[in-house]
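So the structure is just underneath, and the comments pick up after that.
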There are 4 protein chains.
Amino acid sequence: MSAVAWNRYGKAAIRLVKIERREEAHDVVDLTLDVQLEGDFEDVYAGDNRRCIATDTMKNTVYALARQAPIDRVEAFALRLADHFGREPAVSAVLVRAIEQPWARIEASGRPDPHAFVQGGGERWTTLVSRRPDGTVVTSGVTNLVVMKTADSGFSGFPRDRYTTLAETDDRLLVTSVTAEWTHRRGAADFSGRGRIRAALLETFARHLSRSVQHTLAAMGEAALAASDTVEAITLTMPNRHHLLVDLAPFGLDNPNEVFVATDAPYGLIEATIRR
Amino acid sequence: MSAVAWNRYGKAAIRLVKIERREEAHDVVDLTLDVQLEGDFEDVYAGDNRRCIATDTMKNTVYALARQAPIDRVEAFALRLADHFGREPAVSAVLVRAIEQPWARIEASGRPDPHAFVQGGGERWTTLVSRRPDGTVVTSGVTNLVVMKTADSGFSGFPRDRYTTLAETDDRLLVTSVTAEWTHRRGAADFSGRGRIRAALLETFARHLSRSVQHTLAAMGEAALAASDTVEAITLTMPNRHHLLVDLAPFGLDNPNEVFVATDAPYGLIEATIRR
Amino acid sequence: MSAVAWNRYGKAAIRLVKIERREEAHDVVDLTLDVQLEGDFEDVYAGDNRRCIATDTMKNTVYALARQAPIDRVEAFALRLADHFGREPAVSAVLVRAIEQPWARIEASGRPDPHAFVQGGGERWTTLVSRRPDGTVVTSGVTNLVVMKTADSGFSGFPRDRYTTLAETDDRLLVTSVTAEWTHRRGAADFSGRGRIRAALLETFARHLSRSVQHTLAAMGEAALAASDTVEAITLTMPNRHHLLVDLAPFGLDNPNEVFVATDAPYGLIEATIRR
Amino acid sequence: MSAVAWNRYGKAAIRLVKIERREEAHDVVDLTLDVQLEGDFEDVYAGDNRRCIATDTMKNTVYALARQAPIDRVEAFALRLADHFGREPAVSAVLVRAIEQPWARIEASGRPDPHAFVQGGGERWTTLVSRRPDGTVVTSGVTNLVVMKTADSGFSGFPRDRYTTLAETDDRLLVTSVTAEWTHRRGAADFSGRGRIRAALLETFARHLSRSVQHTLAAMGEAALAASDTVEAITLTMPNRHHLLVDLAPFGLDNPNEVFVATDAPYGLIEATIRR
């Protein structure tokens, strides 16, 4: 005999765009949301749907709740959704994940237009609310923040074995796509820190004398924690998007760290959690 | 003060194609591998690289080990890699993940050609070896196995609240992209079950009288466990790729479950682990 | 002053899945369609919509026409759509493009199931109907047909200049994703040749003694024309997905054409039209 | 008998990152290049490689030429490449296509850092040089410039037939991903207009009282031509990324143009060339 040992279900990729129509200007909130439930759903796996909240209902609920109050901080909206679904008797845990696409105002005749926007780029802002019997954890983040430094980055002093061919370098390109997720202290209600944390991450990346991706990651995490009182820990994921110096010697040319080939694969992948 | 509370690093997306050149025919093994290490690497985050095995070395090691023995089962190759890196003193855990792209022989004049291949499709086969101090766990799987059933699938009897609009149905299209991962019993050395498990998943999907995705998922998981002695548990992830019946009434036409619009988002997402 | 010198508009990515419900078994037709119109639409660009057939109407028309007759060959369905829109007075040209996702029946207990299907893979079948005042051209094709040959492929004898470093080889992996588009003779009504042409392409790829991608492309095109009476010309696009031999010498190992790294970029791109 | 009626080949997706290391600051040029040749290459299709410039040589040439002079404007670099390959006797036409990834300087302590950069986003800048016997055409552009306007956009007055269900509206969201390509007058040597054209496109999009995508496209094209003396024509491609108003009536809620679902497919696709 077999049994359902773990289960989770929900609706993913709910696309919500809300326009907050203030008198003097419009604001755009552009979200992709996932709602996932855990709980006492074994009957559903046996073919009895009486406890199975339809995922279509989850989607409808997202749109209906979006109408009923302004979305000021996405974290607060995700908490409202988690509370809504957490009231269902069968539900033990609710996960609400949101990915925000930021939009910037278009400049027209030197002034920001009140009703026209341009996508800020590949960067996304993330929120995860995890509501469980032992409490609710709110995580905020940024992802796909792609950065490059062309000075003050090296990698040397690493061990060499029979399969090591990498040369040591004190001047390489460092290119990475930063994903950062920071956990707010339990009960925190102020989610305004994203701008400060983002600025601390960028400034530290720019200024750091980097001996490795790990080295810079730790400095960035430390700066992020210093930039916010209510954040307990931050997890950084930094793929090393290798840019290889092209060997131009066969063509009678030198290459003083000028001409690189950007590669997609393979890539180094560095992850760590920095905690206060 | 802050500290590194958790860390992991490695090389991802190592692309390896190995041709096993037997006398009478060639075989292709086409893998994308990740190698990830956990361990005593805090010094690296402080800028000291003496323990930092370069991810470039990890990549080289994959290619060198691929040369030194035939890759018969990917699980066995991943175990060899995990053992290699697990011998490093600083390392506490090794994760080796492999995604296999299957290739089929081209039929030429009614016979399989010995040296020519066509990609079997979007389906991929997965392997994960997790080597930790308390033992090594081997997981195998398939992913992106996209299936559709046009009969014997309904969804009704679910609860209705103020945000429920979904109609009940006893005849809908069920389309999903199956991801399955099954865990082998500790110490198992026989990894030949993929074909049997895959067949059990497909056959059960085809034959099941489905009352929900959950209902069919459980049946598929049970059949997979029945098809293999050495598998302890299987986790299935089945997104519900909704196909919506098009309303043709405005055009004076009926639509007896014939014309559908396939949608990408949002989608239901059903996940569960079935255990013996 | 400026003017509209050329214009085209329409609806793209219309997702249509039709189930043909025969007594003994179901058939699936899974299409992504584009409908594009050219014609006398300058007024629309000046803000007058009286001639602007809404792209939403195009989408509705696709679904309504799909209901009104079986979709036997996609080419015939695309011709019906092109004729429908070509009757609009403002329209001078109609383009209907269709990408078909093939599905195969699931084998259950050794027999093909009548109502359950598995996606055949990444391969897609294409159709393009171009209806213009001087006549209608029908093009059929396959795309993303990914093939590899591990023998009988070389590349040598090419010119060498100061920027040439590539070594000559008489034994390399040849991997490509074939896109083929063949044009039917005007007025042809038999579109049943896809299977024969596809088989000719695959068999020729497998059997050819290849001196270059171009060399094999020409042989494949010739075989495709020989396999069908009604095809006038075929255009083949064959990216060269380079698989590079890994240099294992630094590790004291040889590499007798066994261990390769598959690369995505850059890639050679070879395109040609073969005509009777 | 069959023959090669048309052919083209080359290297695609050449990834080049060049760092211009000025004393006071670094500049980044990040390009993905395609080089394609047409000419007298029939022999190659017959298996004779004596005229087949290896695509690997094309790639090497790109890197070698990148080293030998600063890349100030990408158009000028592409012209240098086209001239290099155009000197080969067998070559009749050269196409060089470049996609530029813009990078912005990171602000650190309120000043732009001289050596650290952040990716500006999904927007890319394009260049196409087409060198043919009858002359050389240079096209510049932007692509993936994603914009939204939340006011001053309607669509009404379009014709209604039996398949029309779309409601008229004088207030909808207009969201599009602008691709613009403008052709420079023959012999033009000043390629500095991208910023002015981009600003004209954005400002016109923001300010226009839009009766349709076509209407706004024409106004944007006109403004772009007005912003540059040396541009002869501009082609704009503007997919209509539909944002659908969510029907909240079943939940007892109104929806005064606030809550939308963003959809990917299907989408309207509007293309036109505006010429002086």
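The values are calculated or read from the model by the stated rules, or taken from the named source; none is laboratory data. Since the structure is predicted, the reported quantities are computational estimates derived from the model, not experimental observations. Please note: Cβ atoms are built from the backbone with ideal geometry, for glycine as well, and neighbour counts cover all protein chains shown. The accessibility values were calculated without ligands, DNA or RNA, using every heavy atom of the protein model including side chains. Shrake-Rupley method; radii C 1.70, N 1.55, O 1.52, S 1.80 Å.
Considering Cα pairs under 8 angstrom that are at least six residues apart, work out the relative contact order of chain D and quote it in whole percent. All intermediate terms of the calculation are to be shown ahead of the outcome.
On the way: 523 pairs, mean separation 34.1, N = 276.
Once divided by the residue count of chain D, the mean separation gives 12 percent.
Kirkwood Rh over Cα pairs of the range C:1-128 into Stokes-Einstein at 4 °C, 1.567 mPa s: D in µm²/s? Walk me through the numbers before you get to the answer.
Details: Rh = 16.6 Å.
This corresponds to a translational diffusion coefficient of 78 µm²/s.
Which GluC sites (Glu not before Pro) in the range A:130-227 sit in a loop by DSSP (not H, G, I, E or B) and have at most 15 other Cβ atoms within 10 Å of their own Cβ?
On the way: sites: A:168, A:181, A:203, A:222; in loops: A:168.
Passing both the DSSP loop test and the Cβ count: A:168.
If you put +1 on each Lys and Arg Cβ and -1 on each Asp and Glu Cβ, how big is the dipole of the protein assembly as shown around its Cα centre, in Debye rounded to 20? Don't jump to the answer; show the numbers that get you there.
Details: 132 positive and 148 negative charges, 0 e Å.
The calculation lands at about 0 debye.
Tell me, for the rotation carrying B onto C, which chain B residue has the beta-carbon closest to the axis and what that distance is in whole Å.
Closest to the rotation axis on chain B: B:121, 1.
Got a number for the accessible area of residue A:273? Probe 1.4 Å, square angstrom, nearest 10.
That residue has around 20 Å² of solvent-accessible surface.
For B:72, D:171, give the ranking by accessible area with the largest first, probe 1.4 Å. Before the final figure, lay out each step's value.
On the way: B:72 130, D:171 50 Å².
Descending accessible area places them as B:72, D:171.
Dipole size in debye (nearest 20) for the range D:67-133 around its Cα centre, Lys and Arg Cβ +1, Asp and Glu Cβ -1?
Numbers: 10 positive and 8 negative charges, 46 e Å.
The calculated dipole for the range D:67-133 is roughly 220 debye.
Sort largest first and round to whole Å: the equivalent ellipsoid semi-axes of the range A:96-183, each the square root of five times a Cα gyration tensor eigenvalue. Could you put the intermediate results ahead of the total?
Details: eigenvalues 275, 138, 15 Å².
Those come to 37, 26, 9 Å.
What GluC sites (Glu not before Pro) in the range B:25-99 are in a loop by DSSP, with at most 11 other Cβ atoms within 10 Å of the Cβ? Please list the in-between numbers first.
Numbers: sites: B:38, B:42, B:75; in loops: none.
When the GluC sites (Glu not before Pro) of the range B:25-99 are filtered for loop state and at most 11 Cβ neighbours within 10 Å, nothing remains.
What accessible area, in Å² to the nearest ten, does a 1.4 Å probe give for residue D:155?
20 Å²
Using a 10 Å cut-off around each Cβ of peptide A:34-44, what is the average number of partner chain Cβ atoms that fall inside? Don't jump to the answer; show the numbers that get you there.
Details: counts 3, 2, 2, 0, 1, 0, 0, 3, 3, 1, 10.
Mean shielding by partner chains, rounded to a whole number: 2.
Separation of the range A:78-92 and the range A:1-33 by C-alpha centroid, Å?
After rounding, the separation between the Cα centres reads 14 Å.
Straight-line reach only, C-alpha to C-alpha below 12 angstrom: list the aspartates and glutamates that residue C:59 could link to, leaving out same-chain residues fewer than 8 apart.
Counting by Cα, and skipping residues close in sequence, residue C:59 has these aspartates and glutamates nearby: C:34.
Just to be sure I understand: if you take the accessible area of chain D alone plus chain C alone and subtract the pair, with a 1.4 Å probe, what total do you get in Å², rounded to 100?
Numbers: alone 15950 and 15960 Å², together 26570 Å².
Between D and C, the summed buried area is about 5300 Å².
Give the nm distances, rounded to one decimal, from residue A:112 to the matching residue in every other copy, measuring between label points 7 Å along Cα toward the beta carbon; shortest first.
Reported distances to equivalent positions: 2.1, 6.1, 6.3 nm.
Could you compute how much accessible surface residue D:165 exposes when probed at 1.4 Å, giving the result in Å² to the nearest 10?
Residue D:165 has an accessible surface of roughly 70 Å² with all protein chains in place.
What number comes out for accessible area per residue over the range A:73-147 if the probe is 1.4 Å? Units Å², please. Please report the intermediate quantities before stating the final value.
Details: 2940 Å² over 75 residues.
Normalised by residue count, the accessible surface of the range A:73-147 is 39 Å².
For chain C, just run the numbers: alpha carbon Rg, then divide by 2.2 N^0.38 Å, N being how many residues it has. Could the numbers behind the result be given before it?
Values: Rg = 23.2 Å, N = 276, 2.2 N^0.38 = 18.6 Å.
The value comes to 1.24.
Quick check: at a probe of 1.4 Å, how many percent of the accessible area of the range D:160-247 sits on carbon and sulfur atoms?
Details: 1810 of 3700 Å².
With neighbouring chains kept in place, the figure for the range D:160-247 is 49 percent.
Give me the dipole magnitude in Debye, nearest 20, for chain A about the Cα centre, with unit charges on the beta carbon: positive for Lys and Arg, negative for Asp and Glu. Intermediate values should be presented prior to the final figure.
Details: 33 positive and 37 negative charges, 118 e Å.
For this selection, approximately 560 debye.
Roughly how many percent of the accessible protein surface of the range C:41-152 is carbon and sulfur, given a 1.4 Å probe and a whole-percent answer?
Working: 2010 of 4190 Å².
Heavy-atom surface of the range C:41-152 belonging to carbon and sulfur, 1.4 Å probe: 48 percent.
Please list, ordered by chain and number, the residues whose modelled amide H lies under 5 Å from the amide H of residue B:126; skip anything fewer than 5 residues away on the same chain.
B:100, B:141, B:142, B:143
Order D:50, C:172, D:241 by their accessible area, 1.4 angstrom probe, all chains in place, largest first. Before the final figure, lay out the partial values.
Numbers: D:50 175, C:172 45, D:241 85 Å².
Correct descending sequence by accessible area is D:50, D:241, C:172.
Any idea which of D:91, D:65, D:127 is furthest toward the positive side of the dipole for the range D:37-138, if Lys and Arg beta-carbons carry +1 and Asp and Glu beta-carbons -1?
D:65
Could you work out the relative contact order of the range C:195-254? I mean the mean sequence separation of Cα pairs under 8 Å and 6+ apart, divided by the number of residues, in percent. Can you show the working numbers first?
Details: 42 pairs, mean separation 18.1, N = 60.
Relative contact order for the range C:195-254 comes out at 30 percent.
Given only helices, namely DSSP H runs of n ≥ 4 each adding -39500 (n - 2.57), what is the per-residue ellipticity at 222 nm of chain B, to the nearest 500 deg cm²/dmol?
On the way: 5 runs with 59 residues, N = 276.
After summing the helix terms and dividing by residue count, I get -6500 deg cm²/dmol.
When the Cα centres of the range B:124-186 and the range A:229-276 are compared, how far apart do they sit, in Å?
Taking the Cα centre of the range A:229-276 as reference, the centre of the range B:124-186 is 36 Å away.
How far is residue A:276 from itself in the other copies, in nm, if each label sits 7 Å out from Cα along the Cα-Cβ line, shortest first?
4.8, 6.4, 8.0
Translational D (Stokes-Einstein, µm²/s) of the protein assembly as shown at 4 °C and 1.567 mPa s when Rh comes from the Kirkwood sum over C-alpha pairs?
Details: Rh = 31.7 Å.
It comes out at roughly 41 µm²/s.
Computed over the Cα atoms, what is the radius of gyration of the range C:162-276 divided by 2.2 N^0.38 Å, N being its residue count?
Working: Rg = 17.7 Å, N = 115, 2.2 N^0.38 = 13.4 Å.
Rg over 2.2 N^0.38 Å, computed on Cα atoms: 1.33.
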